[in-house]
Structures are given as structure tokens and as C-alpha cells.
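Presented below is the structure to which this report refers.
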Amino acid sequence: MNIRYLSPWSIVRALVDHHYLLGQLIKRDVLLRYRGAYFGLLWVFLNPLLMLGIFVFVFGYIFQSRWPVQYSHIPFAINLYCGLIAFNIFGEAVSRSPSAVRGQPSYVKKIIFPVEILPIVPLGAALVHGAFNFLILIAALLWTGHFSAQIILYPLLLLPLLLLALGASWFLAAWGVFIKDMAQIVPLFVQMLFFLSPILYTASMAPEVVRPLYELNPIGAVIEVCRAAVSGATIDWAAWGVSLGIGVVAAVLGQAFFQHSRDEFADVL
């Protein structure tokens, strides 16, 4: 593996040098997904809201779940939605990454096309959806009278999750070229990770015997600090910093692996 790929600056350079092309691909991806749909772009709002409604009904009314005291002043649905926004960005990007390169053979076979930006497109589309959902979250907080100025930190707090998703997307996009089954395996893993992350509950509610595993989960740490920002509670910056470090390492290794593998893509496809 070429050592020059093991640098965070190579990631920044790829994003800066190809920002216009990347923006156009993300725009095309979002619009094509809803083209011809009766509700069109309204599905950006409807999908998470319908999912939220189901979870609130099942866990809030049937199982009667309750949040710890530091979050109890925030409505159950808002606490839940806060975690859903963060995880859905990660889940959407990672679930679609195995087909990000395999599904675009015409781009791969063009010598001058920057193939490394293809796995970033699903993450960019997920961020568009996340931005709309974040606006819904702010509106809900204002409507219920629980708005805290600390919520402006929410996008910053997502940074470790975005880097982790970026690194995973590069890894899985490369593997997806060689192993077609990745497109079926990864969504199952993401669904499993959803229930193992503190979205429907907090890490403190997990059994003590497995709690150390939750503390090692960077996704869970990001969700916890995002929930703290929304509720106005104290943010655990130390846990966030550890998650940021893990995210940077994942992104650097993911890009290095992708660049190391890319020369064989055209032969496989």
C-alpha cells in the first residue's frame, strides 16, 4: 500500500479538487431517487417521520420506555429523533456504499474520472436528508418549548460519525467491486448495529456487563453527545474527541485501501 495515501490531507485534497463534480453527482443522486414518485421530495421528510411514529408507538406506548432523568424533560419522540438523524446518515451512506463503484462501470473505465469520489456520493445524499431532518428537529424543539442554543453544535458533533462513514464507505465500495454479496451483507450489519447503538435508549440503560462495549462504540458516543446538545445537558467532549480520532483513522485507512485497490476495478467490471 502506497504510504502517500495514508494522509488526512489526501482526503481534503480529493474533496476540494472535485467539489463541483461531487456536488453535481450528489444532486443527481437525490433527484433521481424521487423522480416520478407521487410525493417527490416530500419523501425526504416522510420516511424518517413515519419511522419515528412507529418507534414512538412501539417503544413509547407499548413498551413504555423512559429516558434517564437528564433527558426526561425532553419529549420521548424528540430524544428518539435526535438519535435517528445521526444514525440514518451513517446507515444510509454505509448501506449503499458496496454498489457505489460497482454500479457505475462507465465511470470506472474512464481514465480521467476521479473514481475515489463515487463512495462519497451516498454520504453526501445522506447529509442532504439529514439536513432536512435537522430542520424538523429544530422546529419540534421550538414548538414544544425545549429549544436550546446548544443545538448549534449538533452539526459539529456529527463530524466523527461522518469520518467513520466515509472510511467505511471507501472500504466497502472497494470490497463491493470484488465481492458482490457485500450489497446484501452490509444492510443486515447496519440494521444489527442500529439496535446495538443507543438510539432507542441511552448507553447508561444497557446492562452493566456489556456497558464497556457501548463506551467503545464511536457511533454510540456521537449519538450520546448529540442528544446532550439537544437537551442542553453537559457534552462529554472527551468521548467525542476519542470518536473523532477513530473517525480520522478510519477515513485515512479507508481511502488508502480504496486507492490501493482501484487499479483492478476496471478489470473486474
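Quick look at the values:
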item: Matching helices (runs of 4 or more DSSP H) fully within the stretch 140-241 where at least 2 residues are closer than 30 Å to GLU264 by Cα; result: 159-178, 182-196
item: In the stretch 221-245, the residues that are over 17 Å from GLY167 (Cα atoms), in contact with a helix residue (DSSP H, G or I) (Cβ under 7 Å, 6 or more places away or on another chain) and of a type outside the set (A, V, I, L, M); result: GLU224, CYS226, ARG227, SER231, GLY232, THR234, ASP236, TRP240
item: Residues of the stretch 82-100 satisfying the condition of being hydroxyl-bearing (Ser, Thr, Tyr) and buried (at least 24 other Cβ atoms within 10 Å of the Cβ); result: SER97
item: Within the stretch 205-238, tally of residues that are surrounded by 13 or more Cβ atoms within 10 Å (Cβ to Cβ) and closer than 21 Å to TYR154 by Cα; result: 21
item: Residue that is buried (at least 23 other Cβ atoms within 10 Å of the Cβ), touching a residue at least 60 places away in the same chain (Cβ under 8 Å), among the aliphatic types (A, V, I, L, M) and closer than 20 Å to VAL252 by Cα, where the choices are LEU164, LEU159; result: LEU164
item: The one condition in (1) over 15 Å from ALA229 (Cα atoms); (2) under 17 Å from the mean Cα position of the chain (by Cα); (3) among the aliphatic types (A, V, I, L, M) that VAL115 fails to fulfil; result: (2)
item: Test for SER148: is it of a type in the set (S, T, N, Q) and under 16 Å from ILE219 (Cα atoms); result: no
item: Any hit, the stretch 114-121, residues being buried (at least 20 other Cβ atoms within 10 Å of the Cβ), within 19 Å of LEU41 (Cα to Cα) and in contact with a helix residue (DSSP H, G or I) (Cβ under 7 Å, 6 or more places away or on another chain); result: yes
item: LEU50, sole failed condition from (1) without any contact (Cβ under 8 Å) to a residue 40 or more places away in the chain; (2) under 21 Å from the mean Cα position of the chain (by Cα); (3) surrounded by 12 or more Cβ atoms within 10 Å (Cβ to Cβ); (4) over 14 Å from GLY124 (Cα atoms); result: (3)
item: Contacts under 6 angstrom Cβ, first residue in the stretch 56-68 being farther than 14 Å from MET205 by Cα, partner modelled with pLDDT of 80 or more and part of a helix (DSSP H, G or I), 6 or more apart; result: VAL56/ALA77; GLY60/PHE76
item: Residue identified as among the aromatic types (Phe, Trp, Tyr) and surrounded by 24 or more Cβ atoms within 10 Å (Cβ to Cβ) among TRP67, TRP170, TRP143; result: TRP170
item: For ALA100: the one exception among (1) over 16 Å from the mean Cα position of the chain (by Cα); (2) among the hydrophobic types (A, V, I, L, M, F, W, C); (3) not in a loop (DSSP other than H, G, I, E, B); result: (1)
item: Residue satisfying all of: in the stretch 242-269; closer than 11 Å to ILE11 by Cβ and of a type in the set (Val, Ile, Thr); surrounded by the fewest Cβ atoms within 10 Å (Cβ to Cβ) among these; result: VAL248
item: Count - residues of the stretch 223-244 that are in contact (Cβ under 8 Å) with a residue 40 or more places away in the chain and either over 20 Å from ALA149 (Cβ atoms) or hydroxyl-bearing (Ser, Thr, Tyr) (or both); result: 4
item: Any chance PRO119 is modelled with pLDDT of 90 or more, over 22 Å from LEU158 (Cα atoms) and touching a Phe, Trp or Tyr at 6+ places or on another chain (Cβ under 8 Å); result: no
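The values are calculated or read from the model by the stated rules, or taken from the named source; none is laboratory data. Quantities reported herein were computed from a predicted structural model and do not represent experimental measurements. All Cβ positions, glycine included, derive from the backbone under ideal geometry; neighbour counts span all protein chains shown.
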